[in-house]
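Rule-based calculations on the coordinates, nothing more; no lab input. Since this is a predicted model, take the numbers as computed values, not measurements. For neighbour counting, all protein chains shown are included, and Cβ atoms are generated from backbone atoms with ideal geometry for every residue, glycine included.
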Amino acid sequence: MSVAAACGGSTAPDDAAYTTAENALDAGREFVDGCLKGKFEKSKFFMVPTPQNEDALNEMQRAYRDKPTEDRNQYREASINIGGVEQLNDTTVIIQYSNSYDKVARKLKVVKRNNSWLVDFAYTLSGNL
């Protein structure tokens with residue numbers, strides 16, 4: 001799972017510190033930022049709340065914890081590079097991005113649900129973009 005390398009390791013709950021994303025790009029960026037910095041609760045806040053998404057995020061967190069400390073530190077310091085944004089319709093956006101540490105091109109599906117933009121992470125990982 002190549003996206004697993006992009007995420008970090010904290011699970012401290014602090015939802016109150018997050019503000020609902022105003023658009024798909026904000027939601028995707030905040031999700032990835034949480035991953036890179038090891039703040040999985042932040043990523044979870046910006047993710048569609050389904051068992052499949054939570055399982056995928058938990059798997060990513062386990063993979064992150066298995067990485068050497070130096071790699072985790074590099075991901076925490078990495079920046080997000082947006083390669084492109086494709087709006088499929090009014091409620092679905094695909095964001096192409098990489099991070100400055102591993103430079104691997106990735107895609108993220110962001111959907112609008114109940115007037116909120118959220119990452120559909122399990123769908124992203126399935127390769128069905």
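Observations, loosely collected:
- Shown here for region 16-66: GluC sites (Glu not before Pro) in loop regions (DSSP other than H, G, I, E, B) with at most 15 other Cβ atoms within 10 Å, namely GLU22.
- Cα long-axis angle, helix 24-36 against the chain (0 to 90 degrees, to the nearest 10): 10 degrees
- For the pair ALA63 and VAL85, a Förster radius of 35 Å applied to the C-beta separation gives a FRET efficiency near 0.85, rounded to the nearest 0.05.
- Residues ALA17 and GLU70, FRET efficiency given R0 of 30 Å [Cβ-Cβ distance, rounded to 0.05]: 0.60
- Other residues with beta-carbon under 15 Å from the beta-carbon of VAL93 carry, at +1 per Lys or Arg and -1 per Asp or Glu, a net charge of 0.
- Mean residue ellipticity (222 nm) of the chain, computed from DSSP H runs ≥ 4 via -39,500 (n - 2.57), nearest 500: -11000 deg cm²/dmol
- Rg of the Cα atoms in the chain, relative to 2.2 N^0.38 Å, amounts to 0.96.
- Based on C-alpha pairs under 8 angstrom that are at least 6 apart in sequence, the chain has a relative contact order of 28 percent.
- Helix axis angle, 51-65 relative to the chain longest principal axis, alpha carbon, degrees: 20 degrees
- Stretch gain in nm, segment GLU77-ALA105, where the contour uses 0.36 nm per residue and the Cα spacing is subtracted: 8.3 nm
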